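Notes to accompany the following structure.
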Amino acid sequence: MKSCTMIKETAPSFSELFEQFKQSIRGHEGGAIVSFTGIVRADPRSPGTTSVQTTGIEIEAIEGISSAALQDIATGIEQRPGIIKVTIVHLTGTFKLGEPMVHVFVCAAHRSEAFKALEDCVNLYKQKTPLWKKELYSDGSTKWISH
């Protein structure tokens, strides 16, 4: 498994992704694997009346460019002492509330390194990956929002 994967529309389950990640780790230096799964949520900051609710989100990417940005983030974090492997799986397409849209896995020698790397990885992909999100509302309207 590469350090980073961009998958369009469909993805294996979390369990399958975790097993793939675990199997891709060489050696026995890892003492911790931590993960983050970002799911679609209703955004209370969304404009509109109380009768209009978020029903989902649409995520678009320029696959080669977005994948390269995720790869750069994963590779950069893997260069840190104690970090063994990083994988980012960001999905594109249309998602309903509660559905996963991103998974991040980090393997490190120790849990403190793993948790710090995971947090940094999530912050960096949100800042540096060219992805576009459009909120979908119950009245049929949409709104492009920042990543």
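The values are calculated or read from the model by the stated rules, or taken from the named source; none is laboratory data. This is a predicted model, so every value here is computed, not measured. Here the Cβ positions follow ideal geometry from the backbone for every residue, glycine too, while neighbour counts run over all protein chains shown.
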Which members of segment 88-133 meet the condition of being surrounded by fewer than 17 Cβ atoms within 10 Å (Cβ to Cβ), modelled with pLDDT of 95 or more and among the aromatic types (Phe, Trp, Tyr)? Phe115
Please determine whether any residue of segment 6-22 is within 20 Å of Glu113 (Cα to Cα) and at pLDDT 95 or above. no
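Filter segment 96-141 down to the residues that are in contact (Cβ under 8 Å) with a residue 40 or more places away in the chain and polar (S, T, N, Q), then identify the one that is farthest from Glu58 (Cα to Cα).
Among them, the one singled out is Thr129.
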Show the residue pairs meeting these rules: Cβ distance below 8 Å; 6+ apart or different chains; first residue within segment 17-34 and without any contact (Cβ under 8 Å) to a residue 40 or more places away in the chain; second residue part of a helix (DSSP H, G or I) and loosely packed, with under 11 Cβ neighbours inside 10 Å. none
